[in-house]
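Notes to accompany the following structure.
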Amino acid sequence: MTILHSETATVPASARALATQPAAAPAALAAPEAHADLRLRLERAKHAFSTRAVGPYLRRAEGLDLITEDHVPSPGEVLLARVTSVGHHKRLESPVSRRQILFPGDEIVVAYGSRYAADQFLAMIPGDLGPLHLAAAGGLASRVVEKHASVGAATELEVVGVVRDQHGPLTLARTAAHRVQRSLAGRTDRSAHRVPVIAVLGTSMNSGKSTVLAQLAHGLAAAGLRVAAGKATGTGAGNDYNLFLDAGAHRVLDFTDFGCSSTFCLDLDEVRDLFLSMADELAGGAARPDVVLIEIADGIYQGETSRLLADPEVGAVVDRLVFAAGDALGAVGGVGALSSLDRAPAVVSGVLTSSPLATAEARRALEVPVIGSYDLAVPEVARGLVADLLQEPLTDAS
């Protein structure tokens, strides 16, 4: 079994064309605001988790203005938008992950980005400043072109304007705490080569990846190890970020910390450099961890995931894979696909282990160990998965 081709072109051409077509009747856009009034207006707006670094930046920015016409949005650009109709996402996740209830007429600070979510929306960045949608509660603004049958209509937005300062349109990358490093490929002197890196991935959305990583982080921390955790791909949100912290990771990063609202539709070099930069940042610093755990979102056939798995530079950094599956058949198929790339996982876990019957089926069909998600939180189980990767012998946790 081999992994399918994973070019961005897997997005239906009709969907891509629909997203980039000018809106049929764009809403009237506000005229540029006076700088002082705009700063106050932006402060009063509801800010999203993905834009959590924008607020502090705006307080010291100069020449604030809004772009209101003749502009083609780019990924990560920050915009002020107005809620015109509340749909599927009825709350906006705040910079501190509080669920802010949305009302029609609310002004919100969000960022442009495309979304690939098999259980929710396919959404693309539009080609104009016309009406769009809140495609994710973490603050992703784009135009929904397809949705899951069980999901209601998306929350509708109108653009007040793209925020700019004296340097041009404001982007998440300009406000981010970390930068994606280029030309890391081929280097073997990086921090990520000196610390074990374990990647957690799965069959699809909701296969249990984040839970598996959190339980493993908790088990490793309980075993006396210092753990750093990250989420390399997906759509910006605070749920997993805070889950990893609560589980015991001493440091957590995700792709929004590197200026990306979403990783969907990034090209191979961008996704690879983002992953490598995150691995290095988590593995380095004064508080060097014993183990780095990084989640790769969505399923192994999703574009960014399969590109990372096939990339030799990523393979040179990742020391071990943990695979989450929703059922026994998905586990068997996933292990086969990964093995064909010489990326066989060390363990299978995830949602399937909630069912004793599904767990038994997977164990009969696989040679790879199948371990319950919550069993990974047991210190002896967790440290057993990494003991051979550590440079020094483990001692019992006190």
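Each value in this text was obtained by applying a stated rule to the coordinates, not by laboratory testing. These numbers were taken from a predicted model, which means no experiment stands behind them. Don't worry about glycine lacking a Cβ; one is built from the backbone with ideal geometry, like all the others, and counts go over all protein chains shown.
Odds and ends about this structure:
- The chain - percent relative contact order, Cα under 8 Å, separation 6 or more: 18 percent
- Estimated from helices alone, the mean residue ellipticity of the chain at 222 nm is -8000 deg cm²/dmol (sum of -39500 (n - 2.57) over DSSP H runs with n ≥ 4, per residue).
- Our estimate of slack between TYR374 and HIS148, defined as 0.36 nm per intervening residue step minus the Cα-Cα distance, is 78.4 nm.
- Under the criterion of Cα pairs below 8 Å and six or more residues apart, the relative contact order for the stretch 191-389 equals 32 percent.
- Size of electric dipole in the chain: Cβ of Lys, Arg +1 and of Asp, Glu -1, about Cα centre, debye, nearest 20: 560 debye
- For a modelled paramagnetic label at LEU268, 7 Å from Cα along Cα-to-Cβ, the residues of the stretch 286-321 in reach, with backbone nitrogen under 17 Å, are 301-317.
- Farthest toward positive dipole pole in the stretch 191-389 [+1 Lys/Arg, -1 Asp/Glu at C-beta], among LEU213, SER262, ALA377: ALA377
- Selected from LEU129, LEU385, LEU213 as most flexible by GNM, with the chain as the system and alpha-carbon contacts under 10 Å: LEU385
- ALA365 paired with ASP342, simple spin-label distance in nm, labels 7 Å along Cα-to-beta-carbon: 2.7 nm
- Considering only ILE67, LEU245, ALA45, the residue lying farthest towards the positive end of the dipole of the chain is ALA45, judged by Cα position with unit charges set on Cβ.
- Database remark: amide H of VAL227 closer than 5 angstrom to the amide H of HIS250, ASP290 (H placed geometrically; neighbours at sequence offset of 5 or more, or on other chains; Pro and chain starts carry no H).
- The simple spin-label model puts a point 7 Å past each Cα toward its Cβ; for ALA36 and GLN166 those points are separated by 1.9 nm.
- Percent antiparallel among DSSP beta bridges (both partners in the chain, rounded to 5): 55 percent
- Proximal lysines to LYS90, defined as alpha-carbon separation beneath 16 angstrom and excluding residues fewer than eight positions away on the same chain: LYS46
- Listed residues ALA111, ALA325, ALA149, most fluctuating in the chain (Gaussian network, C-alpha, under 10 Å): ALA149
- With a simple spin-label model that places each label point 7 Å from the Cα along the Cα-to-Cβ direction, the separation between HIS71 and ASN239 comes to 3.1 nm.
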